[in-house]
Amino acid sequence: MQLREVLHVVRQSWLIIVATVVVALAAGWAVTTITPASYEAETQILVTPAVSPDTGGNAVQAAALVSDQVATYAALAETPAVLDPAIERSGVDVVTNDLVEDVSAEVIPQTSIILLTVAAESATDAAELANAIAASLIEQLEGTGSAGSTPTDSAIQATGTVVAPPEIPEDPDSPDLVVNLIVAFAIGLVVAFLVIVFRQALAAGTRGR
């Protein structure tokens, strides 16, 4: 089919294209409207060694040990041991099993900083939970020694400092109306194309009889 023929088909089928795209855009808008908003708050926690000079702790050894364990500390932030006290501290109405799905903790590469991200249906709840989880994680770090410590390492513990406190997000992270409309527009065009192709195939079959 030549370009002229394609343009002719498009002109003949413009109503189908417009109707399909409009319906798709309306569906995208509706999905965005009925989908609960989700807000994300982030905080950063710097993990450092806490060495007791009375027991002769070695600062270099302590730094290396904490660096090796920082990924474990990040994983700890997603466990009930940290989340249960955080929920109680924040006062947010959420259960641990649901909160686990909304918490992400990862180590920023080449650092000992844990990036903690918390999602919630309320912007205030997201910030309060992020703050409470960070505080609970720091308490866990300071209350227990490094995993796998030896008698020589018993003086070495980890401590945490919030270096980037959470802020109340102004806009929801999802749903994204612009993204949803773009996707809906693309789907509308694809559906319109398939409908036109199907109509042309039926017309060609009818003429061939």
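No lab work stands behind these numbers, since they all come straight from the coordinates. Fair warning: this is a prediction, and the values are worked out from it, not measured in the lab. FYI the Cβ positions are ideal-geometry reconstructions off the backbone, even for glycines, and counts take in every protein chain you see.
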>> Please list, in order along region 161-167, the HN-Hα scalar couplings obtained from phi with the Karplus expression 6.51 cos²θ - 1.76 cosθ + 1.60 (θ = phi - 60°), rounded to whole Hz, x for Gly and Pro.
In response: 9, 6, 9, 9, x, x, 10
> Per-residue HN-Hα couplings for region 75-90, Karplus 6.51 cos²θ - 1.76 cosθ + 1.60 at θ = phi - 60°, whole Hz, x for Gly and Pro?
Replying inline: 5, 4, 5, 9, 10, x, 4, 9, 6, 4, x, 5, 4, 5, 5, 7
> Which ³J(HN,Hα) values in Hz, rounded to whole numbers, follow from the phi angles of region 30-35 under the Karplus curve 6.51 cos²θ - 1.76 cosθ + 1.60, where θ = phi - 60° and Gly and Pro get x?
Replying inline: 5, 4, 5, 5, 8, 6
>> I'd like the projected area of the chain, averaged over all directions, using the convex hull of its alpha carbons. Report it in nm² with one decimal.
In response: 18.7
> Okay, helix-only estimate at 222 nm for the chain: each DSSP H run of n ≥ 4 adds -39500 (n - 2.57), divide by all residues, round to 500 deg cm²/dmol; what do you get?
Replying inline: -19000 deg cm²/dmol
> Counting Lys and Arg as +1 and Asp and Glu as -1, each charge on the Cβ, what is the dipole of the chain about the Cα centre in debye, to the nearest 20?
Replying inline: 2020
> Of 31, 70, 118, which is the most mobile in a GNM of the chain whose springs link Cα atoms less than 10 angstrom apart?
Replying inline: 31
